[in-house]
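Colleague: Got a structure for you, written out below as structure tokens; questions coming shortly.
The values are calculated or read from the model by the stated rules, or taken from the named source; none is laboratory data. These figures come from a predicted structure and were not determined experimentally. Cβ: placed from backbone, ideal geometry, glycine included. Neighbour counts: every protein chain shown. Heavy atoms of the whole protein, side chains included, go into the accessibility calculation; ligands, DNA and RNA do not. Shrake-Rupley method; radii C 1.70, N 1.55, O 1.52, S 1.80 Å.
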Amino acid sequence: MALIKGNFLDNIGRVYGIYTGGFLAFIVLMAILEQLGVAADTIGILFVAFTIAIYALIGWLSRTMEVDAYYVAGRQVPAVYNGMATAADWMSGASFVAMAGGIYFGGYSYIAFVVGWTGGYILVNSLMAPYLRKFGCYTVPDYIGTRFGGNLARLMAVIVLVAASFTYVTAQINATGTVAARALHIPFEVGVWFGLLGILLCSMLGGMRAVTWTQVAQYIVLIIAYLVPVIWMSNSQGFGIIPHFSYGEAVQRITELEAEYGLLPAAEAMAGLSVLTTPAVAPVGDYAEWKFVTLAICMMAGTASLPHILMRYFTTPTVRSARKSVAWSLLFIFLLYFTAPALATLTKLQLLDPTLPTAIIGKPIEEVLALDWIRNWSQVDMLAVADQNGDGILQLNELFLRPDIVVLATPEIAGLPYVISGLVAAGGMAAAMSTADGLLLAIANALSHDLYYKIIDPKAETATRLIVARILLVVIGALGALIASLQLTGILGAVAWAFCFACSGLFFPLVLGVWWKRANREGAIAGMVAGFVAGTAYLYYVYNGGTPWFGLDHLRFGIVGMTASLVSMVVVTLLTPAPDEEIQKMVDATRVPTGPAILSSNH
Amino acid sequence: MSGNEVKLNPEQMDRYWGKTRNLTFVILFLWFIFAILIPWFAGPLNSVSFMGFPLGFYMTVQGSLIAFVVLIFVQNWRQDRIDDEFGLQEEE
């Protein structure tokens, strides 16, 4: 305990400095073991096991029985560290594992995720974070419930929160299961439960405080794991140590190679696997620009309404430090997001460019089939090579990949030592675990604080509240793992849905709560109900084969939900009386950074 | 949270909020350019070359992202100045 209180905050830089040094030393040690002939599998297991053990240790050291510490980490997290924790909270299995693969195959249309998932922070900083921090709430429904008043508004916010976050968390538990299964050589169904165990070790004993300090540790692991292979590849391809400003030539080269090989669809498609048919650079197809912009808007508005992100800004000491930590979050997130397209480009070049030794397109099929990485990944059905035109040469449209494996397979594709693959597995695990922790905590806290304490049993004692919160954490985690083990959806798709649910139901009630004094309870309830119902109904419609309106497919249903939400919130508000004097004063107080919080601590 | 209570009178409150709102609108306008307009015109912009990249591609994978980071730090710097002007500093 002494390590974490006071003492810890004064030495926080040194503690994480030592941790980072220790992790780098661990990587070097693994590299040495690999040279000494230790098996690749053992190195993978050591990477995953060692990092999870560290997170669990941090989780145990941060255990607490205080409400303020459990819900908002005692509101004393410094801005820079909260920025790192938010970055880990934010960058999920989808960002780490799936995004670069999406860009590899989807080109322009998938870059909307990159723009959306960074630009959203401008909305968080401009419209939400400082004002919600001033409010002094523990959860997002706490804000809705107090600003608009009444249990119905609070309950609706809880429902939207649970729908969005639960969709999201199953995808993350799925990702931890995938990584654990591959690294530890256990079946996926077991890997899911193993992943959940790791996740709960980080959050159960210490709530937000434990999650904060493990997320900082997880950020450090995941950013190192993402950058190292890219820097390595870039260096060996002659683009220097920092590829970001110099891979323009690689982009041009890919455009030339695309023209040379031709972007043809496969002669015979394979379920779950893709061949490259989309150009890397140019927008193609009907509505390409419209689709980009609508996806980006859904992701940005979703960023600004996802409770597990907003609640991170409740943990800073002041309003000013909340703003500062949004800026740091974006900077830390930016480091990964502007690397992802570079990774997609350089990996593609490794495979396509005949002047590089790793290229496989245009090589004889037998030679390609003999490669270790091709064998490893085809064994688990995530890759296939099929000579469909029978000429004995691998064509571009004869290489089938599952988009999700591009990042995980990149070290092997580029011929890097196995230690890098182990590092990437640990990074993917860190990304998925940290997001899952944030989401589980957001759900459990909303249910324990808003539903149980505020609505069902307002007289509950502190100890009871915190025990209820923990039981809910375990139960929801188990439910998530159960659904994840059924593998209903892909990672990136499920995540896009979560963003659309969140922005459909919560974006306008949250924004207008601060920015429109006239907004009242009836309007907010109408906005949440109409947005959530319209969005969900539209999702159901397009997912079951309905013709999308204006190209708005199932990844973009938030546009429909948000429109319904805005219109009904404004109309209903104007048809009903303005909120009373007290609420108007509350809004004024929210807009000023100093002075007492609206909600006292221990509320 | 700080203990120093600064009470703004209604006129000051209006001026403070007016300045904050204007800053926010300027930032959101710039955000709109980088997040919506530039990606929309990525196709035509690609005919321009920038540091070896097609410009439209460069802006969507890096340029707009850099702009977001700069915008958010500038916004916080300006907002801090506004807060200071009205004596709304907090003790950390």
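Colleague: Please verify whether segment A:207-218 includes one or more residues that are charged (D, E, K, R) and farther than 30 Å from B:MET51 by Cβ. Walk me through it before giving the result.
Modeller: If we filter segment A:207-218 for residues that are charged (D, E, K, R), which is where we start, we get A:209.
Narrowing the set further to residues that are farther than 30 Å from B:MET51 by Cβ leaves A:209.
The answer is yes; a qualifying residue exists.
Colleague: Would you pick out the residues in segment A:109-122 that are open to solvent by 10 Å² or more (accessible area, probe 1.4 Å) and more than 18 Å from A:ILE405 (Cβ to Cβ)?
Modeller: If the condition is that a residue be open to solvent by 10 Å² or more (accessible area, probe 1.4 Å) and more than 18 Å from A:ILE405 (Cβ to Cβ), then A:SER109 is the only one that fits.
Colleague: Please tell me if B:GLY63 is more than 8 Å from chain A (Cβ to nearest Cβ), open to solvent by less than 50 Å² (accessible area, probe 1.4 Å), in a helix (DSSP H, G or I) and of a type outside the set (A, V, I, L, M). Even if it seems obvious, please write down each step before you answer.
Modeller: Details: more than 8 Å from chain A (Cβ to nearest Cβ): yes; open to solvent by less than 50 Å² (accessible area, probe 1.4 Å): yes; in a helix (DSSP H, G or I): yes; of a type outside the set (A, V, I, L, M): yes.
Criteria met by B:GLY63.
Colleague: If the requirement is being open to solvent by less than 60 Å² (accessible area, probe 1.4 Å) and either more than 8 Å from chain A (Cβ to nearest Cβ) or part of a loop (DSSP other than H, G, I, E, B) (or both), which of these qualifies: B:ILE33, B:ILE27? Write out each step before concluding.
Modeller: Working: B:ILE27 fails: either more than 8 Å from chain A (Cβ to nearest Cβ) or part of a loop (DSSP other than H, G, I, E, B) (or both).
Result of the check over B:ILE33, B:ILE27: B:ILE33.
Colleague: Inspect segment A:131-150 for any residue being within 14 Å of chain B (Cβ to nearest Cβ), under 29 Å from A:GLY195 (Cα atoms) and open to solvent by 10 Å² or more (accessible area, probe 1.4 Å) and give the result as yes or no.
Modeller: no
Colleague: Given the conditions (1) open to solvent by 30 Å² or more (accessible area, probe 1.4 Å); (2) part of a strand (DSSP E or B); (3) not aliphatic (A, V, I, L, M), report the number of the one that A:GLY390 does not fulfil.
Modeller: So the condition that A:GLY390 fails would be (2).
Colleague: Which of the residues that make up segment A:314-332 are within 7 Å of chain B (Cβ to nearest Cβ) and open to solvent by 10 Å² or more (accessible area, probe 1.4 Å)?
Modeller: Pass one, segment A:314-332, residues within 7 Å of chain B (Cβ to nearest Cβ): A:317-321, A:323-324, A:326-327, A:330-331.
Within segment A:314-332, A:PRO317, A:ARG320, A:ARG323, A:LYS324, A:LEU331 meet the criteria.
Colleague: Looking at B:TRP40, B:TRP17, B:TRP77, can you tell me which residue is of a type outside the set (D, E, K, R), without any contact (Cβ under 8 Å) to a residue 24 or more places away in the chain, within 7 Å of chain A (Cβ to nearest Cβ) and open to solvent by 70 Å² or more (accessible area, probe 1.4 Å)? Working first, answer last.
Modeller: Details: B:TRP17 fails: open to solvent by 70 Å² or more (accessible area, probe 1.4 Å); B:TRP77 fails: within 7 Å of chain A (Cβ to nearest Cβ).
Selected residue: B:TRP40, the only one of B:TRP40, B:TRP17, B:TRP77 that is of a type outside the set (D, E, K, R), without any contact (Cβ under 8 Å) to a residue 24 or more places away in the chain, within 7 Å of chain A (Cβ to nearest Cβ) and open to solvent by 70 Å² or more (accessible area, probe 1.4 Å).
Colleague: Here is a further query. Within segment A:252-267, work out how many residues are open to solvent by less than 40 Å² (accessible area, probe 1.4 Å) and within 14 Å of chain B (Cβ to nearest Cβ). Spell out the reasoning first.
Modeller: Restricting attention to segment A:252-267, the residues satisfying the condition of being open to solvent by less than 40 Å² (accessible area, probe 1.4 Å) are A:254, A:257-258, A:262, A:266.
Next, only the ones that are within 14 Å of chain B (Cβ to nearest Cβ) stay: A:254, A:258.
Within segment A:252-267, residues that are open to solvent by less than 40 Å² (accessible area, probe 1.4 Å) and within 14 Å of chain B (Cβ to nearest Cβ) number 2.
Colleague: Based on this model, can you work out whether A:THR345 counts as β-branched (Val, Ile, Thr), open to solvent by 10 Å² or more (accessible area, probe 1.4 Å) and part of a helix (DSSP H, G or I)? Walk me through how you get there before you give the answer.
Modeller: Working: β-branched (Val, Ile, Thr): yes; open to solvent by 10 Å² or more (accessible area, probe 1.4 Å): yes; part of a helix (DSSP H, G or I): yes.
It is true that A:THR345 is β-branched (Val, Ile, Thr), open to solvent by 10 Å² or more (accessible area, probe 1.4 Å) and part of a helix (DSSP H, G or I).
Colleague: Which number in (1) closer than 30 Å to A:MET311 by Cα; (2) open to solvent by 60 Å² or more (accessible area, probe 1.4 Å) marks the one condition that A:GLU249 misses?
Modeller: It is condition (1) that A:GLU249 fails.
Colleague: Has segment B:29-49 got at least one residue that is of a type outside the set (Phe, Trp, Tyr), more than 30 Å from A:THR294 (Cβ to Cβ) and at pLDDT below 85? Please lay out each step first, then the result.
Modeller: Taking segment B:29-49 and keeping what is of a type outside the set (Phe, Trp, Tyr), we get B:30, B:33, B:35-39, B:42-49.
Still in the running and more than 30 Å from A:THR294 (Cβ to Cβ): none.
No, segment B:29-49 has no match at all.
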